[in-house]
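S.K.: Quick one: the structure is below, and I'll ask about it shortly.
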Amino acid sequence: MYDTGMLIALADRKAKAVALHGGLRAAPHRALLLGPVLAQVWRPRPAVVHALAGVLRDCTVPGARTSEPSMRATRVGQPECMACAGGPDLTDWRRVGVALGEARLPAKKKPDAVDAWVALSAVKHGSAVIFTSDPEDIEAYLAVLNPRDVHVERV
C-alpha cells in the first residue's frame, strides 16, 4: 500500500523507494495505490507523468476501470483479490471518519482523510505494509483502527 509520500519518493526516484517498489514486482499482489493518493501527486509535468506512468504499470488502483488487475496472472488463471474487488461501503467511510476524529496525531498535524483511507485499506487487506514518509500519521490512524497485521515502513 503506497501513501502520498511513497509516490512522491518514486516520482523523485529516491533510492529506497525505487528499491522497495522493484522488490514488489515479484509479489503476487500488485502494490496498491488508492485513487486519492494518485490525485494528490499527479501533475501535468513531463517528469512527473513519465515517472508515475512507469509506477502505475506495477500497481493497481482499486476500483479504477483502466488499472492493472490487483493480482498478477498465474499459469492456472487470473486470481482476484476480494478486498480490491469490492469498493468501500458506508461503514468504511464511517470508520475513516472515526479514525480522523480519534487519532492522536503528532503536534502540528491536521487530520488527513487520504492517510486515514490508506490505513483502513491496509486494515481491510490484512498482512499489509504501508510505505510512507509520515509513519507517525499512519500509525495514529492504525491505533484507532486496531489492525491485526499491518506494518508501516518509512521511505
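The values are calculated or read from the model by the stated rules, or taken from the named source; none is laboratory data. Here the structure is a predicted model, which means the values were calculated and not measured. Neighbour counts run over all protein chains shown; Cβ positions are idealised from the backbone, glycine included. In case anyone asks, the SASA skips ligands and DNA or RNA and just uses the protein heavy atoms, side chains included. Shrake-Rupley method; radii C 1.70, N 1.55, O 1.52, S 1.80 Å.
S.K.: Which count do you get for residues in region 97-126 that are open to solvent by less than 70 Å² (accessible area, probe 1.4 Å), on the phi < 0 side of the Ramachandran plot and outside any helix (DSSP H, G or I)?
M.R.: Of the residues in region 97-126, 4 are open to solvent by less than 70 Å² (accessible area, probe 1.4 Å), on the phi < 0 side of the Ramachandran plot and outside any helix (DSSP H, G or I).
S.K.: Based on what the data block shows, is I138 assigned to a helix (DSSP H, G or I) and either among the aromatic types (F, W, Y) or touching a residue at least 40 places away in the same chain (Cβ under 8 Å) (or both)?
M.R.: Answer is yes for this residue.
S.K.: Within region 25-40, track down each residue that is modelled with pLDDT of 95 or more, among the hydrophobic types (A, V, I, L, M, F, W, C) and either under 19 Å from A113 (Cα atoms) or open to solvent by 40 Å² or more (accessible area, probe 1.4 Å) (or both).
M.R.: Residues satisfying the conditions are L32, L33, L34, V37, L38, A39.
S.K.: Say whether the condition of being of a type in the set (D, E), out of contact with any Ser or Thr (no Cβ under 8 Å at 6 or more places or on another chain), closer than 17 Å to Y2 by Cβ and in a loop (DSSP other than H, G, I, E, B) is met by at least one residue in region 52-70.
M.R.: Checked against the condition, which is being of a type in the set (D, E), out of contact with any Ser or Thr (no Cβ under 8 Å at 6 or more places or on another chain), closer than 17 Å to Y2 by Cβ and in a loop (DSSP other than H, G, I, E, B), region 52-70 yields at least one hit.
S.K.: Do you know which residues across region 41-54 are open to solvent by 40 Å² or more (accessible area, probe 1.4 Å) and either under 22 Å from E153 (Cα atoms) or in contact with a Leu (Cβ under 8 Å, 6 or more places away or on another chain) (or both)?
M.R.: Once the filter is applied, which keeps residues that are open to solvent by 40 Å² or more (accessible area, probe 1.4 Å) and either under 22 Å from E153 (Cα atoms) or in contact with a Leu (Cβ under 8 Å, 6 or more places away or on another chain) (or both), region 41-54 yields only W42.
S.K.: May I pose another question? Does E102 meet the test of being out of contact with any strand residue (DSSP E or B) (no Cβ under 7 Å at 6 or more places or on another chain) and among the acidic types (D, E)?
M.R.: Answer is yes for this residue.
S.K.: I'm trying to understand the selection: among the residues of region 9-24, which are under 21 Å from V150 (Cβ atoms), open to solvent by 30 Å² or more (accessible area, probe 1.4 Å) and of a type in the set (A, V, I, L, M)?
M.R.: L20, L24 - these are the residues of region 9-24 that are under 21 Å from V150 (Cβ atoms), open to solvent by 30 Å² or more (accessible area, probe 1.4 Å) and of a type in the set (A, V, I, L, M).
S.K.: Still on this structure, I have one more. Being part of a strand (DSSP E or B), surrounded by fewer than 20 Cβ atoms within 10 Å (Cβ to Cβ) and touching a helix residue (DSSP H, G or I) at 6+ places or on another chain (Cβ under 9 Å) narrows it down to one of V152, V129, so name that one.
M.R.: Unique residue meeting the criteria: V129.
S.K.: If we keep just the residues of region 60-96 that are surrounded by 13 or more Cβ atoms within 10 Å (Cβ to Cβ) and small (G, A, S), which is nearest to A31 (Cα to Cα)?
M.R.: Across region 60-96, the extreme among qualifying residues is S70.
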